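Report on the structure given below.
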Amino acid sequence: MVAVIVEVSGRVQIVAAAGEEAVNAGINAGEIVSGAAKAVGGGGGGRQFFASGGGPLKEKAEEAMRIIEETIQRQLSTLTAKEVA
């Protein structure tokens, strides 16, 4: 399981958590949050299984969510490519 919460209020807050199976499948919550937080003008990160961050650019929240989705897809695709090789 992978859960990512994006909360937009005075600023954008991002939290990501990944279960053991997700981490074993190639998910890295720290990387997910780091990329999304940069999109909203901030920073963040953490470990493979849990990360948090955010930034002040509320108007970029949709872009951050797009980056989250793309990052997860890329992480899972990377593992699949390794399994095939």
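When +1 charges are put on Lys and Arg Cβ atoms and -1 charges on Asp and Glu Cβ atoms, the dipole computed for the chain relative to its Cα centre reaches about 260 debye. Toward the positive end of the charge dipole of the chain, with +1 on the Cβ of Lys and Arg and -1 on the Cβ of Asp and Glu, the farthest Cα among 77, 27, 13 is that of 13.
Using just its DSSP H runs of length 4 or more, each adding -39500 (n - 2.57), the chain gives a mean residue ellipticity at 222 nm of -15000 deg cm²/dmol after division by all residues. Of the trypsin sites (Lys or Arg not before Pro) found in the chain, the ones in coil according to DSSP and having at most 16 other Cβ atoms within 10 Å of their Cβ are 11, 47.
Using the Karplus relation 6.51 cos²θ - 1.76 cosθ + 1.60 with θ = phi - 60°, the per-residue 3J(HN,Hα) values for region 44-50 come to x, x, x, 9, 4, 9, 7 Hz, with x marking Gly and Pro.
Kirkwood radius, region 8-47, all distinct C-alpha pairs, inverse of mean reciprocal distance: 10.7 Å.
State the dimensionless ratio Rg/Rh of the chain (Rg: radius of gyration of Cα atoms; Rh: Kirkwood radius). That ratio equals 1.01. Average accessible surface for the chain: 58 Å² per residue, computed with a 1.4 Å probe over protein heavy atoms with every protein chain in place. Computed extension length for residue 23-residue 66: 13.4 nm, one decimal, from 0.36 nm per residue of separation with the Cα-Cα distance subtracted. Distance between the pseudo-spin-label points of residue 59 and residue 77 (7 Å out from Cα toward the beta carbon): 3.0 nm. The calculated FRET efficiency for the pair residue 8 and residue 50, based on their C-beta separation and a Förster distance of 30 Å, comes to about 0.90.
Expressed as a whole percent, the accessible area of the chain that falls on carbon and sulfur atoms is 54 (1.4 Å probe).
The values are calculated or read from the model by the stated rules, or taken from the named source; none is laboratory data. This is a predicted model, so every value here is computed, not measured. Virtual Cβ from ideal backbone geometry, glycine too; neighbours counted across all protein chains shown. Remember, those area values only see protein heavy atoms, side chains included, never the ligands or the DNA or RNA. Shrake-Rupley method; radii C 1.70, N 1.55, O 1.52, S 1.80 Å.
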